[in-house]
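Input: a single structure, listed below in C-alpha cells.
Derivation of every value follows stated rules applied to the coordinates shown; laboratory data play no part. Everything numeric in this text was worked out from a predicted model, so none of it was measured. No Cβ is skipped: glycine too gets one built from the backbone with ideal geometry, and neighbour counts run over all protein chains shown.
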C-alpha cells in the first residue's frame, strides 16, 4: 500500500507572529558545532510540572526510557550552494532547488549586476576554480529570483552538485561568520552539516535536531532498549524563507515530500498500541508523522498490513493543533517569528516558550542550526 495525497495546512489559532519574538544576543548564534557533536548541551523541559533541567546531549540514554521509540529524519543534504561567473566576468550566486528533467534545473540566482534570459554562466567549484561546466539562464520563473537553468551537457544532478556545490548553510550562519571575518565556508562544513545517519539525498537544509547524534550514542540507546526508526522528509526552500506575514495563517508554506517506510509505520503502530512514548527527532519528523497520522492509524477494523507511505505536506502546526503521534520532541533553539517556533509553542504554549528561551539565553545556550538542543517530555 502506498498512500499519496496532499496534507493541507492546518492552523487552529490566529497566531500573530510578533508573539514569537524574543531577545537573543548575537554572540549566542552558533557559528560552528561542538566536537564531538554529542557534547552539545541539552535543556530538558518536562510538561508534567514545567520544570527545566540542564544536561549534555551525550546523556540522552540516561534520560529516555527503554520503552521509548525514537523516530528520526534520515534525509541527506545535497551541496546545493553554487557559484558561477558570467561571460562578462561578474559573479552569480546560486541555490539549487530541483532538477526538472536531466540537464534542466530550477535554481535561485543572485547577482549584483544584471542577469537577463540567455545569460551564459560557468560553474566555479568550492575552491574557486573554473570547472568548464557551462549553462544558460533560460528564463526567470518568479519574482523571488528563481530561474530555469539549462546545462550544455546533460548529467544527473547529484554527481554534478558533488563536483561544483558546497553545503547550503543557513544565511544567518554565513552572515555571523562574515561579521567575525571568517572564511565563507569551513572545510568541515560538508560533514558537520549532515546527520551521521543521513541516507537519502535531497534536502536543502539539515534536520538539525539530528546533528547531535553520534553512532556511539545511538548504539547506547538501542543497547538499553530504546527503539530507533527512520523516515525521510527532504527539507526544502521554505526553510530559508522568513515569515513576512503578520498572522501565521497568511504565511504560504512550501510543499515538502516525505516517505515513511513500512517498518517505521509498524514500529509507530506498535508503540502506540502498547502505550510507549514516540519521541520525534526534530520538527520535520513531527510534521511528517502528524501529516500521515490517518494513514499510520487507520480506522479500527480496516485491516491490511502497514505499507510505505509517500505524501507531500504543507502542514503548519501551532497552538491549538491536536498532536496525535508525537509524545516527546528533540529540537534545537529556533529563529524568532518562525513556523518552527510556532510548532514548539503547540507543545508547551507561547508563554512557556518565552520562559524557556529566557532561561536558555541566561544560561548561555548556543542557538540555531549548529547550536544546542532541547528535549520536551
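Observations on the structure shown:
- Computed over the alpha carbons of the chain, Rg followed by Dmax gives 21.2, 67 Å.
- Highest-fluctuation residue, 164, 278, 100 considered, GNM on the chain with Cα pairs under 10 Å: 100
- Helix 339-348 and the longest principal axis of the C-alpha atoms of the chain enclose an angle of approximately 10°.
- A Gaussian network model of the chain, with springs between Cα atoms under 10 Å, assigns the largest mean-square fluctuation among 313, 331, 214 to 214.
- Axis of helix 262-273 versus longest Cα principal axis of the chain: the two differ by about 30°, to the nearest ten degrees.
- Whether region 324-366 is rounded, prolate or oblate, judged on the alpha carbon gyration tensor where a/c under 1.5 counts as rounded: prolate
- Per-q log10 I(q)/I(0), region 106-150, q = 0.16, 0.24, 0.33 Å⁻¹ (Debye; single scatterer per alpha-carbon; no solvent): -0.44, -0.89, -1.21
- Region 102-244, relative contact order in percent, only Cα pairs under 8 angstrom and at least six apart counted: 18
- Added length on full extension, which subtracts the Cα-Cα distance from 0.36 nm per residue, residue 18 to residue 294: 96.1 nm
- Extension gain from residue 250 to residue 46, taking 0.36 nm per residue of separation minus the Cα-Cα distance: 70.3 nm
- Of 216, 122, 256, the one that fluctuates the most in a GNM where the chain has Cα springs shorter than 10 Å: 216
- Volume per residue of the convex hull around the Cα atoms, evaluated for region 81-164, comes out as 84 Å³.
- Over the chain: helical MRE at 222 nm, DSSP H runs n ≥ 4 each giving -39500 (n - 2.57), nearest 500: -6000 deg cm²/dmol
- Between 0 and 90 degrees, the angle of helix 350-362 with respect to the longest Cα principal axis of the chain falls at about 70 degrees.
- Spin-label pair residue 55/residue 269, simplified geometry with 7 Å Cα→Cβ offset, distance in nm: 3.2
- Per the Cα gyration tensor, region 231-377 maps to an equivalent ellipsoid with semi-axes of 28, 18, 14 Å, ordered largest to smallest.
- Contact order normalised by residue count of region 81-164, Cα under 8 Å, 6+ apart, percent: 28
- Centroid-to-centroid separation of region 106-121 and region 333-377 [C-alpha atoms, Å]: 38
- DSSP-defined antiparallel bridges as percent of all bridges, the chain, nearest 5: 70
- Sequence-separation-based contact order of the chain, relative, with Cα cut under 8 Å and 6+ spacing, percent: 28
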